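Student: My structure is below; once you've seen it, I'll send some questions.
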Amino acid sequence: MAHDEVSGAETPASDSSAVETSRTASTSTAVIASDVANPGEPAHRQRITDIDPQAAKRAQRSVYTLFYLSIAGSVFAVAAYMAFPIENDDVGSVRLNTLFMGIGIALALFGIGLGAVHWAKAIMYDKEGIDVRHPVRGSDETRARAVEIFDEADKESGFGRRTLIRNSLIGALIAFPLPGLVLFRGLAPQSEDPATLLSHTMWKKGARLTLDPSGIPVKASDVTIGSVFHIIPEGLNEAPDRLEQKAKAAVLLMRLNPDDLNISPGRESWSYDGIVAYSKICTHVGCPVALYEQQTHHLLCPCHQSTFDVVNECQVIFGPAKRPLPQLPIEVDSEGYLVAQSDFNEPVGPSFWERS
């Protein structure tokens, strides 16, 4: 006799295995073996381009037309860059240049991407294949077979046979980088050393600190503890290259309790009664550092969250920036206005190829 642990009743020995199976199954842990037929792979469904040669030709024409559209987009972007140049102090020219170059680059990307996808889905060989991958170097026969597989893939994709598609794709890939090359070349000055230009700003001895964008000079008495001002050098609004100069010379002006500042030797005269001025251009990639936390005295770059400690001469305390914000030495003139003692003592913004 066997004892049923569930009901407490005695059962015949011959039935004990059935009880055990029932008890095990009730706990959802039983593994019941059964023969399941392999469903196999679903039947291959031919595409319209596999059946109809005319449909295949139409698909081929669509693919190389898209690649030609990509080439046209790249050429259009280069032409737009030349036809709509960015003029100094003209926001409208910036908008037109950005609009038409963006349209051209978008067409270039759209043509390559959609053409490649349409080629793969409508023309390339589409039957599934399974290949066993080996973790070690294969034999010579296996390596020779790999070469054959590459050759078969070339034939199945039609890359070597469909010359019109292949050549249009190569042309699109060659033309696509051209707008970027033209755009980046235009960022550098044509007749001056860019390293020298990046190393100097409009700030000079005696240049008054003025509010951005009004250009009103700032007196030391106007700057209260905890306040922050966005500053540009005097005369910047009248400069012919105002936007370029502002991109280098923008400054943040703050006033702290003088006892809170940790000033390193040699910088004792760079501030005035707790008033300090630092470059607004982040030393990571040049974004504007425009967020000031009054209680912690931290400056935050909104682009990549680099954080600078104003108390400790804007040292980096968080984020990808690698060096502190450059400090602008300031003083007060005879009329009580804040003025610069000199230009920055180091290049502003991100590091570049000739920054010392």
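The values are calculated or read from the model by the stated rules, or taken from the named source; none is laboratory data. Predicted model only: the values in this text are computed from it and were never measured. Here the Cβ positions follow ideal geometry from the backbone for every residue, glycine too, while neighbour counts run over all protein chains shown. Only protein heavy atoms, including side chains, enter the accessible area calculation; ligands, DNA and RNA are left aside. Shrake-Rupley method; radii C 1.70, N 1.55, O 1.52, S 1.80 Å.
Student: Just one of GLN341, GLN295, GLN315 is closer than 22 Å to MET202 by Cβ and not hydroxyl-bearing (Ser, Thr, Tyr); which is it? Spell out the reasoning first.
Tutor: Details: GLN295 fails: closer than 22 Å to MET202 by Cβ; GLN315 fails: closer than 22 Å to MET202 by Cβ.
Residue meeting the stated conditions: GLN341.
Student: Which residue pairs have Cβ atoms closer than 9 Å, lie 6 or more positions apart in sequence or on different chains, and pair a first residue in the stretch 58-78 that is under 13 Å from ILE105 (Cα atoms) and open to solvent by 40 Å² or more (accessible area, probe 1.4 Å) with a second residue that is not charged (D, E, K, R) and not in a helix (DSSP H, G or I)?
Tutor: ILE71/PHE176
Student: Which pairs turn up if I take residues in the stretch 110-121 that are under 15 Å from GLY158 (Cβ atoms) and look for partners that are not polar (S, T, N, Q) with beta carbon separation below 6 Å, at least 6 apart in sequence or on another chain?
Tutor: Going by the 6 Å Cβ cut-off, the qualifying pairs are GLY115/VAL63; GLY115/LEU66; GLY115/PHE67; HIS118/VAL63; TRP119/VAL63.
Student: Does the stretch 88-95 include one or more residues that are over 21 Å from GLU244 (Cα atoms), over 25 Å from the mean Cα position of the chain (by Cα) and either at pLDDT below 95 or open to solvent by less than 50 Å² (accessible area, probe 1.4 Å) (or both)?
Tutor: Among the residues of the stretch 88-95, not one is over 21 Å from GLU244 (Cα atoms), over 25 Å from the mean Cα position of the chain (by Cα) and either at pLDDT below 95 or open to solvent by less than 50 Å² (accessible area, probe 1.4 Å) (or both), which makes the answer no.
Student: Further, regarding this structure: Given the conditions (1) touching a Ser or Thr at 6+ places or on another chain (Cβ under 7 Å); (2) at pLDDT below 80; (3) open to solvent by less than 80 Å² (accessible area, probe 1.4 Å); (4) not hydrophobic (A, V, I, L, M, F, W, C), and given that GLY111 satisfies all but one, which numbered condition is not satisfied?
Tutor: Evaluating GLY111 over (1) touching a Ser or Thr at 6+ places or on another chain (Cβ under 7 Å); (2) at pLDDT below 80; (3) open to solvent by less than 80 Å² (accessible area, probe 1.4 Å); (4) not hydrophobic (A, V, I, L, M, F, W, C) leaves (2) as the failure.
Student: Now for a separate question. Output yes when any residue across the stretch 290-312 is in contact with a Lys or Arg (Cβ under 8 Å, 6 or more places away or on another chain), surrounded by 15 or more Cβ atoms within 10 Å (Cβ to Cβ) and not small (Gly, Ala, Ser), and no when none is. Before you say what the answer is, go through the steps one by one.
Tutor: The initial filter retains those residues of the stretch 290-312 that are in contact with a Lys or Arg (Cβ under 8 Å, 6 or more places away or on another chain), namely 290.
The next check asks that each one be surrounded by 15 or more Cβ atoms within 10 Å (Cβ to Cβ); those that pass are 290.
From what's left, not small (Gly, Ala, Ser): none.
Within the stretch 290-312, none of the residues are in contact with a Lys or Arg (Cβ under 8 Å, 6 or more places away or on another chain), surrounded by 15 or more Cβ atoms within 10 Å (Cβ to Cβ) and not small (Gly, Ala, Ser).
Student: Next question, about the same structure. Looking at SER279 and the list (1) open to solvent by less than 40 Å² (accessible area, probe 1.4 Å); (2) of a type in the set (Gly, Ala, Ser); (3) more than 20 Å from ILE231 (Cβ to Cβ), which single condition is not satisfied?
Tutor: The number of the failed condition is (3).
Student: Just to confirm my filter: which strands (runs of 3 or more DSSP E) fall fully inside the stretch 264-305 and include at least 3 residues that are in contact (Cβ under 8 Å) with a residue 40 or more places away in the chain and of a type in the set (D, E, K, R)? Give the derivation first.
Tutor: Details: elements: 275-279, 291-293, 298-300.
Result: empty, no element qualifies.
Student: Within the stretch 320-340, take every residue that is in a loop (DSSP other than H, G, I, E, B) and buried (at least 17 other Cβ atoms within 10 Å of the Cβ) and give me the one that is modelled with the lowest pLDDT.
Tutor: Selected residue: ALA321.
Student: Moving to a separate point now. Among the candidates LEU243, LEU197, single out the residue that is closer than 30 Å to LEU107 by Cβ, out of contact with any strand residue (DSSP E or B) (no Cβ under 7 Å at 6 or more places or on another chain) and at pLDDT below 90.
Tutor: Checking each option against the conditions leaves just LEU243.
Student: Separate question: In the set ASP35, ASP52, which member is within 23 Å of LYS127 (Cα to Cα) and modelled with pLDDT of 50 or more? Walk me through it before giving the result.
Tutor: On the way: ASP35 fails: within 23 Å of LYS127 (Cα to Cα).
Criteria check complete, one pass: ASP52.
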